[in-house]
Amino acid sequence: MTEAEIKAFLAICRCGNMTKAAENLYISQPSLSSRLKTLEREVGHALFYRHKGGRETVLTLKGEEFYRLAVEYENVLDRMQRMCAAEPMKLRVSSLHSVGTYILPPVYDAFMQKYSEIELVIQDLEFEMARKSVVQGFTDIAFNASVRTGKGFIVRPAFSEPMALICAADSDFPDVVTREMLDIKKEIYVDWGEEFEKWHASFFGHNASPTLRLEIMEQLKYFAARKEHWALVPISAAISLRRDSGIRQCVTDFNVPRRTINYVTQEESGEKNICVRRFLQCMEETLTELKKEGLELLL
């Protein structure tokens, strides 16, 4: 069997159907089918169930066994190629925009200073894209609020942090804010994850409809400085925003659930594993200010 046949098999497994796998490999679907048939003939077993008219591919028991061996082969081959090419180590990090804006910059600085021999690549991918990128080996570690698990990647908790209420420095809000003081029409709403969304709907009502919903973190500073507005944000965002004299932080007399951020990786192996471990260690050593404000590392 050839490397091309094994790569064709892995592409089918990861894409879920022949059409997408052929597109990812930049070959025609007949060529892909030919490689799979040759591989199955050499293995002596069918690797996928054939369903009439079915587009999705499902592994047979022998196919599942061969998949594990093929992934091991791919990892060994990757390590051999890295050794022969003498490529510099590289760490590719993706994160939610808010995490990349308010939490990770000092970690990036510490990592680059401590491990200058490692090339750092910073990405900005939503969960689904980040997950696929991790599975395909184009991203080494991705930070996200999602807890969804799946084939080819592992989700582990990274940290949790309390939420805080922010408003304009000249706002009429007192230092301690009650639910009755909050006009939902004046809220700057940001989707901080599934848990926050559920709590918000339960606490303020499922029909609550803020006038302003934001997806771009840079705009939060602009709108939060307006006297009539308020927002619930993670403490990392509150610390950064309150450095601006136009924004202050208040205490609420009600509880808001903490935001938990997880990190996604492939099965750990080789140099990638070393780089990820070093990055997580830098995170643990660097986020001292946030720890004082209630951020809890869960590594």
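Sorted largest first by accessible area at a 1.4 angstrom probe radius, with every protein chain in place, the residues Thr211, Thr265, Thr252, Thr2 fall in the order Thr211, Thr2, Thr252, Thr265.
In the chain, the longest principal axis of the Cα atoms and the axis of helix 3-15 are about 40 degrees apart. Could you state the number of Å between the C-alpha centres of region 205-230 and region 72-150? Computed from Cα coordinates, the inter-centre distance equals 31 Å. For the chain, what is the charge dipole size about the Cα centre, in debye to the nearest 20, if Lys and Arg each add +1 at the Cβ and Asp and Glu each add -1 at the Cβ? So the magnitude is around 780 debye. Please go through region 196-290 and write out the chymotrypsin sites (Phe, Trp or Tyr not before Pro) that DSSP classes as loop and that have at most 15 other C-beta atoms within 10 Å. Here the chymotrypsin sites (Phe, Trp or Tyr not before Pro) that fit, given the DSSP loop and packing criteria, are Phe254.
Of the beta bridges in region 79-238, as assigned by DSSP with both residues counted there, near 35 percent are antiparallel. For the chain, the longest principal axis of the Cα atoms and the long axis of helix 270-286 meet at an angle of about 10 degrees.
Could you calculate the FRET efficiency of Ser209 with Asp109 from 1/(1 + (r/R0)^6), where r is the beta carbon distance between them and R0 is 35 Å, rounded to 0.05? Working shown, then result.
Details: r = 40 Å, r/R0 = 1.15.
Once rounded, the FRET efficiency stands at 0.30.
How much length is gained on full extension from Asn75 to Gln29, taking 0.36 nm per residue of separation minus their Cα-Cα distance?
Details: separation 46, 0.36 × 46 = 16.56 nm, distance 2.57 nm.
Length gained between Asn75 and Gln29: 14.0 nm.
Ranking of Met217, Met181 by solvent-accessible surface, largest first: Met181, Met217 (1.4 Å probe, protein heavy atoms only, all chains present). Projecting the Cα atoms of Ser133, Asn144, Phe159 onto the charge dipole of the chain, computed from C-beta unit charges around the Cα centre, puts Ser133 farthest toward the positive end.
Quote the accessible area belonging to Val135 in square angstrom, nearest 10, computed with a 1.4 Å probe and with ligands, DNA and RNA left uncounted. Counting only protein heavy atoms, the figure is 20 Å².
For region 128-208, which whole-number percentage of the solvent-accessible area (1.4 Å probe, protein heavy atoms only) is attributable to carbon and sulfur atoms? On region 128-208, the fraction of accessible area on carbon and sulfur atoms equals 52 percent. Among the protein heavy atoms, those of Ile239 account for about 10 Å² of accessible surface (1.4 Å probe, every chain in place). Given q = 0.09, 0.11, 0.20 Å⁻¹, what are the Debye log10 I(q)/I(0) values for region 1-134, with equal point scatterers placed on the Cα positions and solvent ignored? Result of the Debye calculation: -0.40, -0.58, -1.15.
So for region 5-138, taking the charge dipole from beta-carbon charges (+1 Lys/Arg, -1 Asp/Glu), which of Met80, Ile27, Pro105 sits furthest toward the positive end? It is Ile27, whose Cα lies furthest towards the positive end.
Computed from Cα positions, the angle between helix 29-43 and the longest principal axis of the chain comes to roughly 60 degrees. Give me the log10 of I(q) over I(0) for the chain at q = 0.12, 0.15, 0.16 Å⁻¹, as the Debye formula computes it from C-alpha points; what are the numbers? Ignoring solvent entirely, the Cα scatterers give -0.88, -1.12, -1.21.
Longer than 28 Å from Cα to Cα, which of Lys114/Lys292; Lys186/Lys292; Lys132/Lys186; Lys90/Lys151; Lys7/Lys62 are they? Say none if no pair is. Present the calculation step by step, with values, prior to reporting the outcome.
Values: Lys114/Lys292 24 Å; Lys186/Lys292 30 Å; Lys132/Lys186 37 Å; Lys90/Lys151 24 Å; Lys7/Lys62 17 Å.
With Cα atoms farther than 28 Å apart: Lys186/Lys292; Lys132/Lys186.
Of Glu64, Glu218, which has the most accessible area and how do the rest follow, probe 1.4 Å?
Glu218, Glu64
How many percent of DSSP beta bridges within the chain run antiparallel, rounded to 5?
Values: 24 of 38 bridges.
Given both bridge residues lie in the chain, the antiparallel proportion sits at roughly 65 percent.
Mind listing which GluC sites (Glu not before Pro) in region 118-177 are in a DSSP loop and have 13 or fewer other Cβ atoms within 10 Å? If you can, show how the numbers build up before the last one.
On the way: sites: Glu119, Glu126, Glu128; in loops: Glu126.
Hits after loop and neighbour filter: Glu126.
The dipole here belongs to region 122-253: it is taken about the Cα centre, uses +1 on the Cβ of Lys and Arg and -1 on the Cβ of Asp and Glu, and is about 260 debye. Rolling a 1.4 Å probe over the heavy atoms of the protein chains gives the chain an accessible area of 54 Å² per residue.
The values are calculated or read from the model by the stated rules, or taken from the named source; none is laboratory data. Given the structure is predicted, the values throughout are model-derived calculations rather than measurements. Cβ coordinates were reconstructed from backbone atoms using ideal geometry, including for glycine residues, and neighbour counts include every protein chain displayed. For accessibility, only protein heavy atoms count, side chains too; no ligands or nucleic acids. Shrake-Rupley method; radii C 1.70, N 1.55, O 1.52, S 1.80 Å.
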